1. For a protection proxy built on the mean count of beta-carbon atoms within 10 angstrom, sort 403-412, 8-17 highest first, please.
2. What is the order of Ser97, Ser389, fewest Cβ neighbours within 10 Å to most?
3. Quick check on the exposure proxy: order Ile277, Ile398, Ile288 from fewest to most C-beta atoms within 10 angstrom.
4. Mind giving me the nanometre distance, one decimal, between the label points for Leu113 and Asp125, set 7 Å out from Cα along Cα→Cβ?
5. Mind listing the long-range amide H neighbours of Thr227? Cut-off is under 5 Å, sequence gap 5 or more, other chains count too, H placed in the peptide plane at 1.01 Å from N.
6. Whole-Hz ³J(HN,Hα) for each residue in region 190-199, computed from phi via Karplus 6.51 cos²θ - 1.76 cosθ + 1.60 with θ = phi - 60°, x for glycine and proline: what do you get?
7. Just want the ordering: Val338, Val37, Val43, from fewest to most Cβ atoms lying within 10 Å of their own Cβ.
8. Residue by residue through region 21-35, what is 3J(HN,Hα) from phi via Karplus (6.51 cos²θ - 1.76 cosθ + 1.60, θ = phi - 60°)? Round to whole Hz and write x for glycine and proline.
Amino acid sequence: MTRPDPITDAVKRNLCTGCGACAGAFPAAIRMVDDPVNGRRPVVAPGGEAAARQAARLCAGTGMDFASLPANDGFGPVLAAWEGHASDTEIRHRGSSGGAVTALALFALQRGLVRGVAHIAARSDDPRLNAAVISHDRDGLLRGAGSRYAQASPVEALGAIASGMVPVAFIGKPCDVASVAKAKAADPALAAKLPLTIAIFCAGAPNLQATDRLLDRLAVPKDATLTDLRYRGNGWPGLMQARYRDAAGVERVSEGIPYATGWGRILQAERRWRCRICTDHTGAFADISVGDPWHNPPDGDEAQGRSLIVARTPAGLALVKAALAAGVLVATPQPQDVIARAQPNLVVAQGAVWGRRLAMRAFFMPVPKDRGLPLFSAWLALPMRARLSSVAGTARRIWRQRLWRNVVVRGIEE
Ligand SMILES: Cc1cc2nc3c(=O)[nH]c(=O)nc-3n(C[C@H](O)[C@H](O)[C@H](O)COP(=O)(O)OP(=O)(O)OC[C@H]3O[C@@H](n4cnc5c(N)ncnc54)[C@H](O)[C@@H]3O)c2cc1C
Ligand code: SF4
Ligand code: SF4
């Protein structure tokens, strides 16, 4: 049997992260579809094989070269770190943690560093789904504030950025930013149009099925029209809550459940397999990365938010420093090892990758060709029990879920 084109192959063999770079760069040949189980995934049109071969150069799902980074200890380069928040109280309140991402993106627009910001926002026709958008002002950016624990493909904006005439900042998960980094490395003209990338930390993206389970837990009736769904924000970490129009046309607000309940009991179980073998949860390839300072946890779900802000490149460092000097961000410096202290779950997740990939190899499953990361020593640093479970638990999961089988993408419309 002939091997399919490299994009179809990446999807089929479960290496795709759903970033959207391939479809963004070659929209005539590749489109993203929302598969409720497998996530948002690309489908190559008949005759699109040549485009798919070119698109494969942008794909970080099949592997990244971490050796190209100035630091590759597993959490990427850290030039400086802070804990703080947006000084704009609405941005801080609506933001997922402290609104630092939205505040920095807005500052980059206001300073003229960029003329647009590519990010994702909930689709107005179906807020369970997300669309890649480019915003030009505060209102546009506020559409995206707050994390969406759902499938999303922000790099679909790549085509618009490449064909546009203005510099654009990019916001996305680490795997999204990694594909943007590959695209920039492959095309200097594109790189000049993308002077700033901001990554959000990411433990894994749940699928559409998980969102539907969340809506059931929030008691949103099946015949209602969903008008808004929040996973985070409006406080830190905020409540998961929906708005909808019931069958009689009356606007309603659902019960709100704490983030810990929604993530812990509903969403995290539906993270995609690709996320469980992810080697970059904190945005090593970004100019700036932002996450939660969980080492200094919020005092209740509706606390005032704080973000952990990490400058990774000189350009990122300059922007954060300028935002602090302008009073756009209020933040205090943190030690350079703060990521590991704030995210012990991500240290464990990163450590387990070597063991998980070992189990996959035993089943002849392909693994991403990531280079330049100390995966084995991160695994060795785990307690014995965690090491064993990363191998034996994965083997069990592969067997039970038949994970060696090809992924078949079925969009919700099919
Ligand atoms: C699936 C997921 C898992 C996460 N896991 C962790 C974790 O383990 N540890 C941790 O510290 N933080 C995690 N975060 C990030 C955290 O929730 C905050 O996004 C981060 O602290 C930034 O907060 P902020 O208030 O500065 O951002 P905001 O000002 O609220 O801006 C958030 C930005 O992220 C973009 N965005 C939201 N959802 C997505 C998405 N699904 N894909 C691409 N872009 C998106 C929005 O468009 C917006 O521009 C996760 C986020 C997501 C979406
Ligand atoms: S990871 Fe991104 S670029 Fe690679 S196949 Fe998936 S959507 Fe396309
Ligand atoms: S865990 Fe990794 S692969 Fe999965 S969505 Fe997050 S950054 Fe992407």
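Please treat every number below as a calculation from the coordinates, not as lab data. Keep in mind that what you see is a predicted model, and the values were worked out from it rather than measured. Every residue, glycine among them, receives a Cβ derived from its backbone with ideal geometry; neighbour counts consider all protein chains shown.
1. On the way: 403-412: 14.2, 8-17: 22.6.
Listed from highest to lowest mean packing, they are 8-17, 403-412.
2. Values: Ser97 30, Ser389 16.
By the 10 Å Cβ count, ascending: Ser389, Ser97.
3. Values: Ile277 22, Ile398 18, Ile288 28.
Final ranking by Cβ density, sparse to dense: Ile398, Ile277, Ile288.
4. 3.5 nm
5. Here Arg243, Tyr244, Arg245 satisfy the definition.
6. Running phi through 6.51 cos²θ - 1.76 cosθ + 1.60 with θ = phi - 60° gives 5, 4, 5, 8, 10, x, 8, 10, 10, 9 Hz.
7. Details: Val338 22, Val37 14, Val43 18.
Going from sparsest to densest Cβ surroundings: Val37, Val43, Val338.
8. Calculated HN-Hα couplings, in order: 4, 4, 6, x, 7, 10, x, 6, 10, 9, 10, 8, 10, 8, 8 Hz.
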